[in-house]
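The structure appears right after this line, and notes come after that.
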Amino acid sequence: MTKIMTAPAAVRFALPALVIGAVGIAFSPIFVRLSELGPTATAFHRAFLAFPLLWGWFALAERGPSPAATPARLTRREVWLLIAAGVSFAGDLAVWHWSLQFTTVANATLLSNLTPIFVTFVAWAWFKERITPKFLFGLALAMAGVLVMVRASFFVGTRQVWGDLLGITTATFYAAYLLAIKVLRATLSTLRIMTWSTAVCAVCLLPLALLFGEAIVAETLAGWLILFGIAWVSHVGGQGSIAYALAHLPASFSSVALLVQPATAALLAWVILGEGMSPLQAAGGAVVLAGIVLARLASQNDR
């Protein structure tokens with residue numbers, strides 16, 4: 001089986017792609033809050049509307065002068081990993097979109113980004129990645145910043161606690177998704193992974209939306225624009241950039257760098273939705289970024 005080689009130029013673009021992807025995803029909770037449809041139906045359209053764009057892009061790439069160096073036929077292992085990625089991402093979207101109905105954008109997004117706790121452990125046990133004390137300190141610093149930001153907007157109440165618990169559950173689904181993508185990118189192109197995992201995701205979410213009795217069709221043009229925004233900006237742009245970056249960065253570092261997302265989401269929620277961001281939240285965001293930088297330096301020194 002041919003393994004995709006990592007070019008020096010691709011490595012240089014990996015970190016910017018990861019940051020761009022995290023910012024693209026940061027817009028997704030805003031789209032969910034503004035959507036005319038229910039949380040699961042909005043998640044379905046995120047995958048359903050993204051699929052044609054991904055499929056067309058993938059088809060053009062395969063017929064171009066430099067097609068992806070991947071086999072035409074998928075192995076059984078790759079098929080199962082693509083299904084696992086799609087199912088995991090469907091669970092991530094469904095649970096997270098519901099958490100946004102019960103808690104603030106900052107809390108839902110921050111708690112869903114507890115993913116590094118799960119990813120770092122699995123990366124050490126499964127991928128045999130070396131976890132240095134310096135990296136662990138960067139991770140701890142980043143997570144401390146997350147806790148500071150969560151505490152600043154944490155309100156005691158059954159509804160709030162339920163939403164926060166759903167946010168934490170989201171992190172487990174997203175960790176499984178990131179790890180499946182990490183394995184698949186060793187042999188498959190980003191576009192192929194995104195295309196087929198997105199199809200699986202949509203197939204999983206449609207029956208869930210119907211089961212919950214949610215409307216599937218938006219009633220206004222603005223409603224459709226929001227759905228296309230979450231599909232094309234957050235899913236195709238955001239998730240696509242992250243999938244690309246994961247091929248060239250350690251899984252444990254990538255999961256920490258994605259903490260740029262909650263800080264950006266909190267800022268967007270303040271500007272667009274009027275969910276204020278206190279000085280303590282801003283300080284927490286700065287601590288998160290400091291942890292990311294430290295983790296990045298540790299990863300570079302390990303290579």
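FYI, it's all coordinate maths here, none of it is from the lab. Here the structure is a predicted model, which means the values were calculated and not measured. Here the Cβ positions follow ideal geometry from the backbone for every residue, glycine too, while neighbour counts run over all protein chains shown.
Descriptive notes on the structure:
- Efficiency of FRET between A222 and R159 - r from beta-carbon atoms, R0 35 angstrom, step 0.05: 0.80
- W80/A286 FRET efficiency (R0 41 Å; Cβ-Cβ; nearest 0.05): 0.50
- The distance between label points at Q101 and E36 comes to 1.9 nm (points 7 Å beyond Cα on the Cα→Cβ vector).
- Computed from the C-beta positions of T132 and F13, the FRET efficiency with R₀ = 22 Å rounds to 0.35.
- Gain on full extension, evaluated as 0.36 nm per residue between A186 and W57 minus their Cα-Cα distance, stands at 44.4 nm.
- The label point for F212 and the one for I117, both projected 7 Å from the Cα toward the Cβ, are 2.4 nm apart.
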